[in-house]
1. Answer yes if at least one residue in the range 55-64 is open to solvent by 80 Å² or more (accessible area, probe 1.4 Å), modelled with pLDDT of 95 or more and part of a strand (DSSP E or B), and no otherwise.
2. Test Val49 against the stated conditions and say whether it is surrounded by 16 or more Cβ atoms within 10 Å (Cβ to Cβ) and in a strand (DSSP E or B).
3. Would a scan of the range 28-45 turn up a residue that is farther than 30 Å from Ser111 by Cα and over 15 Å from the mean Cα position of the chain (by Cα)?
4. Which number in (1) within 30 Å of Thr57 (Cα to Cα); (2) touching a residue at least 12 places away in the same chain (Cβ under 8 Å); (3) out of contact with any Gly (no Cβ under 6 Å at 6 or more places or on another chain) marks the one condition that Thr79 misses?
5. Kindly provide the set of residues from the range 41-80 that are touching a strand residue (DSSP E or B) at 6+ places or on another chain (Cβ under 7 Å) and more than 13 Å from Ile99 (Cα to Cα), ordered by number.
6. Report, by residue number, each residue of the range 89-120 that is open to solvent by 10 Å² or more (accessible area, probe 1.4 Å) and under 19 Å from Val12 (Cα atoms).
Amino acid sequence: SDTEFFIPGTIVRYDIRVENPGQRVDPTTLVLTDAFPDEVSLLVSGPGVFEFTDGSTASGVGFTYDGPASTSDSVEFSTDGVDFTYAPTSPVASTVTHIRLRPTGAMNPSSGSATPSFTITVLGVLQ
């Protein structure tokens, strides 16, 4: 069916997939920033939030999420898309408008026949 459903309270899943078809990516240079739609509030606590899955060809990067108050993991939060020092205090962070993901380590280069990749799963709640 072509009908779209919007049911408030429904958990939605975003998969952010990164592939490297080129050269090695140096440590600390890989930074991903994503803006959340107005109708989605970010989940920052609970099962499945910020899950990292390495691809079938290993990416070489690491990723950690220790909770919304952590300042040493791979996830940063913003309420304006500029300042990424916000620390959500509720499991559903309705004031977060952007996330910044900072995997650690160098991303492996492509071998020509195999492309390194990884996926980060992010959860939200429809408002």
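1. no
2. Criteria not met by Val49.
3. For the range 28-45, residues farther than 30 Å from Ser111 by Cα and over 15 Å from the mean Cα position of the chain (by Cα): present.
4. Single failed check for Thr79: (1).
5. Gly48, Glu51, Phe52, Thr53, Asp54, Gly55, Thr57, Ser59, Gly60, Val61, Gly62, Phe63
6. Hits for the range 89-120 are Ser90, Pro91, Val92, Ser94, Thr95, Thr97, His98, Arg100, Thr119.
The values are calculated or read from the model by the stated rules, or taken from the named source; none is laboratory data. Only a predicted model underlies this, so the values are computations on that prediction, with no experimental measurement involved. With ideal geometry, Cβ positions are generated from the backbone for all residues, glycine too; neighbour counts draw on all protein chains shown. Note: areas computed on protein heavy atoms with side chains; ligands, DNA, RNA excluded. Shrake-Rupley method; radii C 1.70, N 1.55, O 1.52, S 1.80 Å.
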